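Structure, as structure tokens:
The values are calculated or read from the model by the stated rules, or taken from the named source; none is laboratory data. If you're wondering where the values come from, they're calculated on a predicted model, not measured in any experiment. Because the Cβ atoms are built from the backbone with ideal geometry, glycine has one as well, and the counts that use them run over all protein chains shown. These accessible areas exclude ligands, DNA and RNA; they are computed on the full protein's heavy atoms, side chains included. Shrake-Rupley method; radii C 1.70, N 1.55, O 1.52, S 1.80 Å.
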Amino acid sequence: MGDAGGDGDGADEHLVREAEKIAVALGRMFPGLCEVVLHDLRDPDHAIRAIENNLSGRQVGDSATELGLARIADPQYPSVIQNYPNRFPDGRPAKSTSIGIKNAAGEYVAALCLNLDVSVLSPVTLALSNLVATDAEHRDQPLETLRDRNARELRQAVEARAAERAATPRSLSREDKKALVRQLQRDGYFDSRDAAQTIADLLGVSRATVYNYTK
């Protein structure tokens, strides 16, 4: 595999060296969670060129995986295999992504593989789920509300409606501000004290303008 001339081999080596820097940086960004392995597909019997944050027990110089061999055999093999289920040798579940790296001739020369240890995250997910859970017997009739039902609720409503238009309240057009104010009026927000001034402050207009928008 590779170009017949030395220039091609040098270019391939440069690609692999650049990918090695990426592998090391990615692994060090997620210590204890994500193993990052760079496979040099030019030498399948000793493919592992770098392994950062080692979770699988493999070593530099170990052979290519089945995915690596598939890429060597078929340049048309998908360049990216994203988020597929995998498993470490000791049985821990993993989520993996494999990125094939081609040279200018369209041949796979390397593969960058990320293996996320999801066994570490699963207990955290369960703990968070239990933490936010509420008793079913109280779900239909809230016993209390833990928010200011006036200014805070109004601010949330204004920001939510602006977000629907991919904007901030102050960046809305005049027509959008008018439509927003009228919707707030229909929804009963003007019943609260100082609502007009709060809306005016949020939209960056005067209180008089807010009242004009309601007409």
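Percent relative contact order of the chain, based on C-alpha pairs within less than 8 angstrom and at least six residues apart?
Once divided by the residue count of the chain, the mean separation gives 14 percent.
Return one number: the angle in degrees, 0 to 90 and rounded to the nearest 10, between the long axis of the Cα atoms of helix 118-132 and the longest principal axis of the Cα atoms of the chain.
Between helix and principal axis, roughly 10 degrees.
Given the Cα-Cα distance of residue 164 and residue 17 and 0.36 nm per residue of separation, how much length would full extension add, in nm?
Additional length available on full extension: 48.4 nm.
Can you figure out the FRET efficiency of residue 69 with residue 99, using R₀ = 25 Å and their beta-carbon distance, to the nearest 0.05?
0.95
Residue 102: which lysines have alpha carbons under 25 Å from its alpha carbon, excluding same-chain residues fewer than 8 sequence positions away?
Candidates past the 8-residue exclusion: 21.
Roughly how many Å² is the accessible area per residue of the chain, as a whole number, for a 1.4 Å probe?
Here the residues of the chain average 61 Å² of exposed surface.
Can you work out the Karplus-derived ³J(HN,Hα) for every residue in segment 9-24? Use 6.51 cos²θ - 1.76 cosθ + 1.60 with θ = phi - 60°, whole Hz, and x for glycine or proline.
4, x, 5, 4, 5, 5, 4, 5, 5, 5, 5, 5, 5, 5, 4, 5
For residue 175, what accessible area in Å² do you get when you roll a 1.4 Å probe over the heavy atoms of the protein chains, rounding to the nearest 10?
110 Å²
Picking from 29, 111, 151, whose Cα lies most toward the positive end of the charge dipole for the chain (charges on Cβ: Lys, Arg +1; Asp, Glu -1)?
Positive-end residue among those listed: 151.
Hey, what did segment 82-129 get for relative contact order, percent, Cα under 8 Å, at least 6 apart?
Details: 65 pairs, mean separation 14.6, N = 48.
Computed value for segment 82-129: 30 percent relative contact order.
In whole percent, how big is the carbon plus sulfur part of the accessible area of the chain, probe 1.4 Å, protein atoms only?
The C+S portion of the solvent-accessible surface of the chain is 52 percent.
Over the alpha-carbon set of the chain, divide Rg by the Kirkwood Rh and report the Rg/Rh ratio to two decimals.
Details: Rg = 28.6 Å, Rh = 22.5 Å.
Value, to two decimals: 1.27.
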